[in-house]
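Note sheet for the following structure.
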Amino acid sequence: MADITEVKKILPHKTIRLPRLAINLIVLSGAELLSKVLAAIAFAYLARVLGPQGYGNLEFALAIIFFLTLFVDSGLSPYSAREIAKNVGAVNRLTAHIIFIRYLLVLVALSILVLVTLLIDKPWPVKQLMLVYSLTLLAWPGLLQGIFQGRDMMAYVAIASIIRWSLFAAGVFLFVHGGTRLWLVALIEGTSIGCMAVYYFCSFGYHFGVPWQRLDFSYALSIFRQALPIGASEIVWAVKVYSVTVVLGLVITGPEVGWFGAAHRFVIALHTFVWLYFFNLLPSISRCTQGTIEDLHRLIGTSIRVTAWLAVFFGIVSTIFAEPIITLLYGSQYHETVGVFQVLIWLVPLALMSGHYRYTLIGYNQQRLEFTTAAIGAGFNILLNLFLIPAYGLPGAAWAMVLSEVLIWIMAYYFVRRRVGHIATLPHLYRPLAGGAILVVVLYLFLPANIWLDGLVAIIVYGLALSILHPELISDIRVTVFPGP
């Protein structure tokens, strides 16, 4: 998710306006929540209608297209946000050249996709789906979210996201039914992305005028060179997260890809809210660079204590209640997804913990080390996939992702200790882990048949454990969320 690179490239250290940041965070969080809900409902419906086999083919095609969209962007969105934030007078010239660069990259991406389609051993409906999905790339140059981010106009970005996913969800429910050809899903998504691009163009024209400028090829090349490192970081993130779907799609032809994809998509959607939390925390980390290391210790230590309680509760409850959650979302035909989900869901708690160290590296101007952790984690993930998928199938793929996230956490912790200072983890985890152990024991001893009653018991037990083991939680939350000027 392009998530880390956007923050670390455009967020200044000392000129943060907290009220504006809070407003933007609320707007983006609300829009992201609504968009994720719409997307989750739409893809849950697709999983039910298409079945594991058809849905697996859809997820395979989407993973490949996602890599190509990152190639088309090549870091230009966060780069444009950074440059526009510094010089609003460059809006029209920069936008025109970015659109030009993207269309050149679209031609390359389409060529790559045609070549991949010819080479892979897949039935014609899957290849047809990929070719129709390739048409969505034609709309990507018009997605100008970076321009509006650079001007601090987050409401436009939020509305655009809602437009895309509401149109996609509506199209899926109206036109996709049993026996529907897969390429229709690609056509619906292409239409929704095209409408989002039209919205961006209209909004841009209203505020900045028409972005027609005389092309300067040396200027365009300079833009591309500066944006490319950001794009490389985004692609590394995508490799870490989506390479497993591509590998599964290439080595497995049955419904297993659909079973894995159902769990994977839900977990990655939840992962977005981890990014939003650290987006909000990063300014506070950056301000610690102007103080002492003790300031950073207090901030990160308090944040770990607060988020660890949530991470432990979320991981345990999701693992124990995995079967009813998957059945509710996707139906009984995805029973094989339960075991995968029980492993993959721990990506969210692990990312919530490792993020404290990854974003500390970013806040202390150690972006290259953060990139190194992501790159090594992605490589380790691919290596594990090659060994674990043939041997263990879907559980092996899930464990590969989780173990690579553990490695990222360890490496980020090591780099922070070497370059910034020692920030302990374990002392802040003892109490949440003890509360989690109590919760596990109680749930296994007292498991009524009703999932809602189970959930109520979990909340009550964990709440009591929290109040006893961590009575200062409220003050810790206040320090974390409202750290002061």
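The values are calculated or read from the model by the stated rules, or taken from the named source; none is laboratory data. Everything numeric in this text was worked out from a predicted model, so none of it was measured. Here the Cβ positions follow ideal geometry from the backbone for every residue, glycine too, while neighbour counts run over all protein chains shown.
The criterion of being surrounded by 14 or more Cβ atoms within 10 Å (Cβ to Cβ) and more than 28 Å from residue 332 (Cβ to Cβ) holds for residue 239.
Those residues that are out of contact with any Asp or Glu (no Cβ under 6 Å at 6 or more places or on another chain) and either surrounded by 19 or more Cβ atoms within 10 Å (Cβ to Cβ) or without any contact (Cβ under 8 Å) to a residue 40 or more places away in the chain (or both), I need them from the range 157-170; list them, please. Residues satisfying the conditions are 157, 158, 160, 161, 163, 164, 165, 167, 169, 170.
Just one of (1) surrounded by 20 or more Cβ atoms within 10 Å (Cβ to Cβ); (2) touching a Pro at 6+ places or on another chain (Cβ under 8 Å); (3) farther than 24 Å from residue 433 by Cβ fails for residue 309. It is (3).
Among the conditions (1) buried (at least 22 other Cβ atoms within 10 Å of the Cβ); (2) at pLDDT 85 or above; (3) among the charged types (D, E, K, R), the only one that residue 6 does not satisfy is (2). Filtering 201, 173 for residues that are in contact (Cβ under 8 Å) with a residue 40 or more places away in the chain, assigned to a helix (DSSP H, G or I) and over 25 Å from the mean Cα position of the chain (by Cα) leaves a single hit, 201. Scanning the range 248-280 for residues that are assigned to a helix (DSSP H, G or I) and not hydrophobic (A, V, I, L, M, F, W, C) gives 249, 256, 258, 261, 264, 265, 271, 272, 277, 280. The condition of being within 30 Å of residue 393 (Cα to Cα), touching a Ser or Thr at 6+ places or on another chain (Cβ under 7 Å), among the hydroxyl-bearing types (Ser, Thr, Tyr) and surrounded by 21 or more Cβ atoms within 10 Å (Cβ to Cβ) holds for only one of 330, 334, that being 330.
Of all residues in the range 422-448, exactly one satisfies the criterion of being in contact with a Phe, Trp or Tyr (Cβ under 9 Å, 6 or more places away or on another chain) and more than 23 Å from residue 316 (Cβ to Cβ), namely 423.
In the set (1) at pLDDT 85 or above; (2) among the hydrophobic types (A, V, I, L, M, F, W, C); (3) outside the structural domain of residue 158 (by TED's automatic domain parsing), the condition left unmet by residue 239 is number (1).
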